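Okay, so here's the structure we're looking at.
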Amino acid sequence: MRAGALPGLLSALLTLGAAACATIGRPPRTPDPRPNIVLIVADDLGYGDLGCYGNTAIRTPNIDRLAREGVRLTDFSVAEPVCSASRAAILTGRYAVRTGVRGALGPDARRGLPQAEVTLAEELRDRGYATAAYGKWHLGHRAGELPNAQGFDTWQGLAFSNDMWPLHPETPNAYPALFWSGTDTAREEMENLQSQAQLTRRIGRLAADFFRLHRDRPSFTYVAFTMPHVPIAASEEFRGRSRGGAYGDAVEELDAAVGMILAQVDAAARADPARRTLVVFTSDNGPWLSYGNHAGSAGGLREGKGTTFEGGIRVPFVARMPGTIPAGAECAVPMAAIDLLPTLCAYAGADAPRAAVDGTDMRPALERCANPAPDRFVFTWYDGTEVQAVRQGTWKLHLPHGYRSLAGAAPGRDGVPAKYRYDLKTGIELYDLAADPAESRNVAGEHPEIVARLRAAAERANADVRRAP
Ligand code: MG
């Protein structure tokens with residue numbers, strides 16, 4: 001019989017008795033101030049790939065709902081426009097260049113994320129969280145570099161990118177076999193595209209199950225989907241369904257997997273309203289444009305993955321925590337991937353992160369669209385130790401650097417990429433991203449004092465990371 005069905009007096013007595021027992025036996029249960037945290041990172045998903053970011057061909061109802069029930073940032077940037085370096089910054093709150101993780105690590109990489117780095121999982125585990133990673137790791141593949149050595153109680157997934165396998169379209173048989181592996185699963189070879197087509201659902205289900213099974217203490221679930229990184233694949237249920245083609249199929253399946261996780265999060269909140277969960281959804285870098293119809297859209301931003309133009313670094317970002325983050329908010333305060341660790345640690349408890357981080361606690365941006373650090377400089381590196389671009393507020397300065405581009409040539413098709421040109425170079429280029437997010441009009445000549453200020457900051461940052469171990 002439910003307590004609510006009892007006559008009022010009896011019900012009140014029972015409640016009092018239960019409270020007294022609780023007081024005598026153990027302290028009364030107070031709501032845990034630490035919310036569960038679910039951090040979902042898509043791979044190579046572009047700024048323009050979701051319904052809530054203006055895509056009209058690809059249906060993403062679950063992520064769109066997250067945005068409706070939370071905050072959607074329009075100016076969230078990753079630290080570097082490439083998988084491993086981007087993830088190093090997400091998980092440490094530090095510029096990847098400080099961690100020694102460069103580019104995209106392959107099976108011959110000599111070092112992954114060093115043990116000395118303090119990851120978000122380690123921070124949260126210290127605060128009593130159960131921690132899990134599912135999907136793509138890509139921060140080192142040897143013992144001591146895998147997720148279970150970096151703060152995750154459990155993990156399953158791929159140690160590398162899903163294209164680092166013998167079926168790579170440009171370098172067939174150059175990579176060894178690619179395995180699904182982890183702390184509580186046998187190694188399983190990705191033999192063909194059919195194996196890859198199961199990954200999204202599998203990652204979503206593992207994350208949903210982990211969340212559901214950890215009710216006794218707060219949980220941190222890091223969900224690193226391998227899609228929509230090439231080779232694009234969707235399971236039979238989703239194949240051929242999207243108006244966005246094969247790429248759209250992969251994104252729509254990813255959205256459905258997000259829905260599987262949200263179903264558990266919402267069920268937990270209904271069962272116990274004191275159990276709060278912060279859900280964050282983002283991507284590691286912009287679209288891999290040379291893959292054409294197997295790449296996403298940068299939504300009108302310039303260039304894509306592998307460049308420090310906005311198309312390479314600005315990605316979708318939505319965060320939901322009912323009661324803390326207002327529903328339906330849209331915010332243009334610039335936030336960066338280095339901010340994730342300090343922000344999520346702040347939600348998990350009052351203490352500052354253990355390690356010195358480059359990011360800022362950006363809760364004011366998520367909760368009331370306020371910028372707690374309007375004057376700070378944010379730097380972007382790519383493929384080297386020299387800053388390529390620096391942001392301050394809406395100003396973005398490119399230092400002279402080479403970049404890759406299709407430069408108007410036709411992109412690849414159906415899984416085979418076109419060749420980029422690598423001979424292009426920027427000069428000193430200043431863009432006002434508020435007026436010109438597409439970085440189309442260089443206004444350096446009109447604002448010499450801003451150029452000088454940002455340039456000096458970039459030089460200090462270069463010297464700083466060279467000094468750091
Ligand atoms: Mg990526």
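The values are calculated or read from the model by the stated rules, or taken from the named source; none is laboratory data. Keep in mind that this is a model prediction, so the values were computed, not measured. Every residue, glycine among them, receives a Cβ derived from its backbone with ideal geometry; neighbour counts consider all protein chains shown.
When the strands (runs of 3 or more DSSP E) confined to the stretch 353-430 are screened for residues that are touching a Cys at 6+ places or on another chain (Cβ under 6 Å) and within 28 Å of GLY296 (Cβ to Cβ), none reaches at least 3 such residues. The residues of the stretch 269-309 that are over 21 Å from the mean Cα position of the chain (by Cα) and within 16 Å of the ligand (Cβ to nearest atom), listed by number, are SER290, TYR291.
Between GLU386, GLU367, GLU439, GLU449, the distinction of being over 28 Å from ARG72 (Cα atoms), in contact (Cβ under 8 Å) with a residue 24 or more places away in the chain and of a type outside the set (A, V, I, L, M, F, W, C) belongs to GLU386 only.
Residue count for the stretch 132-179 under the criterion of being surrounded by fewer than 20 Cβ atoms within 10 Å (Cβ to Cβ) and either in contact with a strand residue (DSSP E or B) (Cβ under 7 Å, 6 or more places away or on another chain) or not assigned by TED's automatic domain parsing to the domain that holds PRO114 (or both): the result is 6. Can you tell me which residue is nearest to ASN36 (Cα to Cα) among those in the stretch 211-232 that are within 16 Å of the ligand (Cβ to nearest atom) and in contact with a Ser or Thr (Cβ under 7 Å, 6 or more places away or on another chain)? The qualifying residue nearest to ASN36 (Cα to Cα) is PHE225.
The set of residues in the stretch 66-95 that are basic (Lys, Arg) and surrounded by 19 or more Cβ atoms within 10 Å (Cβ to Cβ) comprises ARG72, ARG87, ARG94. For the stretch 281-304, a residue qualifies if it is farther than 23 Å from SER242 by Cβ and either crowded, with 23+ Cβ neighbours inside 10 Å or modelled with pLDDT under 95 (or both), and exactly one does: GLU303.
With respect to VAL279, determine if the residue is in a strand (DSSP E or B), of a type in the set (A, V, I, L, M) and in contact with a Lys or Arg (Cβ under 7 Å, 6 or more places away or on another chain).
Values: in a strand (DSSP E or B): yes; of a type in the set (A, V, I, L, M): yes; in contact with a Lys or Arg (Cβ under 7 Å, 6 or more places away or on another chain): yes.
Yes.
The set of residues in the stretch 126-147 that are more than 15 Å from the ligand (Cβ to nearest atom) and under 19 Å from the mean Cα position of the chain (by Cα) comprises THR131, ALA132, ALA133, TYR134, GLY140, LEU146, PRO147. Only one entry in PRO114, PRO81 is within 16 Å of the ligand (Cβ to nearest atom) and at negative phi, namely PRO81. The sole residue among GLY93, GLY54 that is touching a residue at least 12 places away in the same chain (Cβ under 8 Å) and more than 21 Å from ASP255 (Cα to Cα) is GLY93. When the residues of the stretch 312-330 are filtered to those that are under 17 Å from CYS83 (Cβ atoms) and touching a Phe, Trp or Tyr at 6+ places or on another chain (Cβ under 7 Å), which remaining residue is nearest to the ligand (Cβ to nearest atom)? Only one residue fits best here, namely VAL315.
Residue under question is ALA256, and the condition is that it be assigned by TED's automatic domain parsing to the domain that holds SER77, free of Cβ contacts under 8 Å to residues at least 24 places away in the same chain, more than 16 Å from the ligand (Cβ to nearest atom) and surrounded by fewer than 24 Cβ atoms within 10 Å (Cβ to Cβ); does it hold?
no
ALA197 meets each of the listed conditions (1) away from the ligand (no atom under 16 Å from the Cβ); (2) without any contact (Cβ under 8 Å) to a residue 60 or more places away in the chain; (3) within 30 Å of MET335 (Cα to Cα); (4) surrounded by 18 or more Cβ atoms within 10 Å (Cβ to Cβ) apart from (3). Note on the stretch 84-111: residues that are away from the ligand (no atom under 13 Å from the Cβ), of a type in the set (Lys, Arg) and not in a loop (DSSP other than H, G, I, E, B) total 1.
Yes or no, residue by residue, for (1) over 17 Å from TRP381 (Cα atoms); (2) surrounded by 15 or more Cβ atoms within 10 Å (Cβ to Cβ); (3) assigned by TED's automatic domain parsing to the domain that holds PRO172:
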position: ALA407; (1), (2), (3): yes, no, no
position: PRO411; (1), (2), (3): yes, yes, no
position: PRO417; (1), (2), (3): yes, yes, no
position: LYS425; (1), (2), (3): no, no, no
position: LEU430; (1), (2), (3): no, yes, no
position: PRO437; (1), (2), (3): yes, yes, no
position: SER440; (1), (2), (3): yes, no, no
position: GLU449; (1), (2), (3): yes, no, no
position: ASN462; (1), (2), (3): no, yes, no
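Checked against the criterion of being away from the ligand (no atom under 16 Å from the Cβ) and closer than 30 Å to ALA418 by Cα, the candidates ALA177, ALA208 yield just one match: ALA177. Only a single item in (1) out of contact with any Lys or Arg (no Cβ under 8 Å at 6 or more places or on another chain); (2) farther than 27 Å from TRP288 by Cα; (3) of a type outside the set (S, T, N, Q) is not met by GLU117, and it is number (1).
Would you confirm, using the coordinates I've provided, whether ASP44 is at positive phi and within 16 Å of the ligand (Cβ to nearest atom)? Here the answer is yes, as ASP44 does meet what is asked.
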